[in-house]
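Only the coordinates and a few stated rules stand behind these numbers; no lab work does. Quick caveat, the model's predicted, so the values are computed rather than measured. Quick reminder, even Gly has a Cβ in these numbers, built from the backbone with ideal geometry, and neighbours come from all protein chains shown.
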Amino acid sequence: MLLKKTLPALILGSALTATATQAEVKVGVVTSSTGPIALVGIPQKNTVPLLPTTAGGETISYISLDDSSDPSATVKAFKKLIEDEKVDAIIGPSGSPNAMGVIQFAAESGTPMLAPVGTAAVVLPMTEDKKWVFKTTQNDELIAKALVGHMVDSGVKTLGMIGTADPYGENWSLVMAKLCAEAGIKLTAVERFQRQDTSITGQSLKVMMSSPDAVLIAAPGSSSVMPETTLKEQGYAGQIYQTHGAALDPFLKLGGQAVEGTILAASLMLVLDEVPDSPAKEIASKYVADYTAMHGETPATFGGNVYDAGLLLQNAIPTALESGKPGTPEFRSALRDALENTSEMAGTQGVYNMTPEDHSGFDERGRELIQVENNSWTLLK
Amino acid sequence: MNLQIAMLLGQDGITNGAIYALLALSIILVFTVTRILLIPLGEFVTFGALTMYAFQSGQDSSIVWLLMIMMALDAGLDLKQLVTNGMEARKAQWIGLKLAYAVIMVILVETLPLQEIHMAAQVLLTLMILVPLGPIMYRIFFQPIASAPPLVLLIVSIAVHVAMVGVGLLMFGPEGGRTAPFSAATFQVGNVMLKSQTLWVILVSLFLIVSLFLAFERTLYGKALRATAVNRMGARLMGISPDFAGKATFALAAFIGVASGILIAPITTLYYDSGFIISLKGFVGAIIGGLISYPLAAIGAVAVGLIEAFSMFWASNYKEIIVFTLIIPFLLWRSINSSHVEDEE
C-alpha cells in the first residue's frame, strides 16, 4: 500500500531535517506525489531517501515537499524553500507546467534548480533566467532523432501522429515536424487527445484514413496505451512508435498483446541486462537494486531523473565549497557554475556533459532503441 | 468520411452517450429529491471500474476497508442519535446488522480467490462493496445539513468529490486500469465490427433506464421519492422520511455510477481521477433536460456522446471545448423560456 511506502520515507525525511545544523548543504525537493501527475511524482518522492547524503565532507539534507500537481502550490513550495528554509538548491518539480512557473523565482533568488521534467522549454532557448535551471531528462529531440533514424532505415515514408493535448504532445509534434521535414518523411495526420478521454476512436480513424507507413504516439504514462490498442482493434498493421513517455511497466501491463512489436527510444534503465557494461549501467543497476530493496517494486524512469539530480549536486558541491559556505549566495552561485561545468558524469539516464548552452547535457549514450517483445522491453539491435 | 467511419463513430458515441444518460438521470434524481448536485457521482464510476480491475489483476483490494471505516462512522453517528433520542431496540439491531455486513464484506474480500472467481461474482462483489457507500455518504455528509441552502450543499458536494479523488489515489494508485471484457465476441454488421461490450453497455443502460421508470411509476417507494421531489414539505407531512428519501436516492445513484464504471471499464482505461469529466458530461445532459426532465436529459446525454465522437474525428484539438460549449445555448434557451422563481429556501 501507498501508505506503507510513504511513511518510512516521511519519517526518514523528517529525521534528516531534524538533525540539520547550520553548516550542511540543504536541498529542497518538490514532487507531485498526489494529483493528476502522481504517476510521475511518487517514484520521485520515493527516491529522496536514496539520494547521496555527503559531498566534499559536508552532509546534505533534503526537505521534501508535495505540490499536489498544482502549479500555484509549486510556487508556494519554492518560496517556502527559498525564503524560510534557505536551501542551496532545489530538485523538482515533477510537472512541466509547474516547472515553467517557478523558473523566475529560482533565478531571482539565485538558487540552482534541477528539474526532472519532460519539456525542453525549461532550458531552451537559453535565457538569463533559465541559466539557473538544469534538466535531468533527455530532450525530446534526442529521443526523436533516434526514432526518426530508425524510421529512415526501415523505409518509412509517411507517418501519422497521435499526441496528448498538453505541453508534452505539443512539443513532440513541433520536434517531429522539424525532423520529419529534414528526413523526407511526410506527416499525414497529427491528432490530439486528452489523457482522461474514454475513447480515441475518432482520432485513430482519421489517422488510419491517411494510411501512413507508421504511427507515432506521443503521450506520457499509461495514456500512451489507448491510442495503440484502438489502432490495433481497428486493424492497423503498420509499425507503431512510442516516445520515452511510454517507457513504464504499466504500459506493458495495460497494453498486453496489443503493444507487441512497439518501438520506442528511452533510457537504458529499461534494458539494463542487455546493454554493454558502462559507468551509467553500473549506477542505474545500483539505483534499481536500492529502490527495489526499499520500496518492494522497481522504480519508474522518473525516479532515476531525481536520482541523477542528486548525483549532479554531489558532483558539483565540492567545487562550490571552495567559493563559500553553504547557505550563502556565493555558494549557490558557485554551485550553479559547477553544475554548468559538469563533464562526463554518469547517471542512471546516461552521461551528462553540461555547457552554458546545453543544460540537459545528454548525448546518444542517454537513449537506447527498445522494442516490446513477449511483453517485455528488449534492446533493438 | 464514409458510411463505415460514420458507423464506427456512431457506435462509439452511443456507447458513451448511454453511460452519460445513466449519469444524467442519477444527477437529476438526486437533485430533485435532495437539492444536492451530486458531483462525487463520477468517483463511483471510477471506483467501480478500478475495484473490478483490482480484483482481476490481483491487487490489494483495500477499498473494502473504506467501507468498513465509513460503516463504523455511520454506526457511530446512529448510536449517538439513539443515545440522545432514547433507545429503540429495532434501531439498535439495525446498527448491528450494518456492522456485520461490513465485516462479512471484509472477510469475503480477504479470503476469496478474487482473481479466479467468475466475472459475475466479481461484479456482484464490487456492487456489494461500493453501493452502500452511497447512503453512508448521505448519512455522514449531507443528512446533518439537509435543510441548508443549495449553495452550501453544492460546496459540501465539491468537498466530498475532492476527498474521494484523494482516497481513490491512495487506494488504487496513480496508474489506470482496464478490465477484461464480459465476452470477447464481435459481430460483423456490413463491414463494421461491433464489439459485444458495446451491446452490453447499451442493453444494460436501456434496462436500467426502463426499470428506473417502472420503479418510479409503479412502486410505492418510487412514488414516495417522486413526491419528495415535487414537494418536500408536503411529502414529509404525508409521512415520508426525508432521511430515507436521501439515502434511497444516494443508493440508487451509487448503484448507477458503479454499474456504469463496471460497464465501461473494458472499453477504456480509467484513472482514479477520470470520474469527474465523465460525470460532467452527464451533467451537460442533465442541464439540457433542465435538471428536471428525465427523457430530455437522456436524449441530451446521448447527443453529447455523439457530438463528442464526431468532434473527436473532425477536430480532436477542440473536442472538450465543443462538448462543453453545448451547455451555453441550452442555458440561454432555458433562461429565456422559463419564468424565474425566487428560491424558496
The exposure ranking of B:68, A:345, fewest beta-carbon neighbours within 10 Å first, is B:68, A:345
Cα-Cα longer than 23 Å, checked against A:145/A:286; A:86/A:325; A:135/B:319, kept in input order, equals A:145/A:286; A:135/B:319
Sorted largest first, the Cα spans of region A:140-266 on the principal axes come out in Å as 35, 28, 25
Here the net charge surrounding residue B:95, from other residues whose Cβ is less than 13 Å away from its Cβ (Lys, Arg +1; Asp, Glu -1), is +2
Restricting to Cα pairs under 8 Å and 6 or more apart, the percent relative contact order of chain A works out to 17 percent
Within 10 Å of the Cβ of an average residue in B:269-277, the count of other chain Cβ atoms is 5
Violations at 27 Å Cα threshold for listed pairs B:195/B:223; B:195/B:281; A:76/A:253 -> B:195/B:223; A:76/A:253
Partner lysines whose C-alpha sits under 19 Å from that of residue A:80, ignoring same-chain residues fewer than 8 away, are A:26, A:45
A correct fewest-to-most ranking of A:58, B:308, B:217, B:175 by other Cβ atoms within 10 Å would be B:217, A:58, B:175, B:308
Among the Cα-Cα pairs of region A:341-381, the proportion with separation greater than 14 Å, in percent, is 54 percent
Result row for chain B, helices from DSSP H with C-alpha axial extent 18 Å or more and mean Kyte hydropathy at least -0.5, is B:3-34, B:41-57, B:63-85, B:89-111, B:150-172, B:196-218, B:242-264, B:275-288, B:294-314
With only helices counted (DSSP H, runs n ≥ 4, each -39500 (n - 2.57)), the per-residue ellipticity at 222 nm for chain B, to the nearest 500, works out to -24500 deg cm²/dmol
Partner shielding of A:39-49, as the mean number of partner chain Cβ atoms within 10 Å, equals 1
Filtered hits (aspartates and glutamates, Cα-Cα < 15 Å from residue A:79, offset >= 8 within chain) -> A:66, A:67, A:70, A:88, A:108
Short to long, in 5 Å steps from zero, the percent of alpha-carbon pairs of region B:1-152 per bin is 2, 8, 14, 15, 15, 15, 13, 9, 5, 3, 2, 1, 1, 0, 0
Gyration tensor (Cα only) of the protein assembly as shown to equivalent ellipsoid, semi-axes in Å sorted down, yields 47, 33, 23
Going residue by residue through region A:362-376, the Karplus relation 6.51 cos²θ - 1.76 cosθ + 1.60 with θ = phi - 60° gives ³J(HN,Hα) values, rounded to whole Hz and with x marking Gly or Pro, of 8, 10, 5, 6, x, 8, 10, 7, 10, 10, 7, 10, 6, 6, 8
Over chain A, the sum of -39500 (n - 2.57) across DSSP H runs of at least four, divided by residue number and rounded to 500 deg cm²/dmol, gives at 222 nm -13000 deg cm²/dmol
On each of the three principal axes the extent of the alpha-carbon atoms of chain A, given in whole Å and largest first, is 64, 43, 42
Ranked from fewest to most other Cβ atoms within 10 Å of their own Cβ, A:94, A:199, B:196, A:343 fall in the order A:343, B:196, A:199, A:94
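Tally Lys and Arg at +1 and Asp and Glu at -1 over the other residues with C-beta under 14 Å from the C-beta of residue B:163: what net charge comes out?
Around residue B:163, the charge tally is -2.
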If one builds a Gaussian network model of chain B from Cα atoms under 10 Å apart, the most fluctuating residue listed among B:225, B:108, B:270 is B:108
Within the under-12-Å Cβ sphere about residue A:192, not counting residue A:192, Lys/Arg +1 and Asp/Glu -1 give a net charge of -2
Expressed as a whole number, the average count of other chain Cβ atoms within 10 Å around the Cβ atoms of A:187-198 is 6
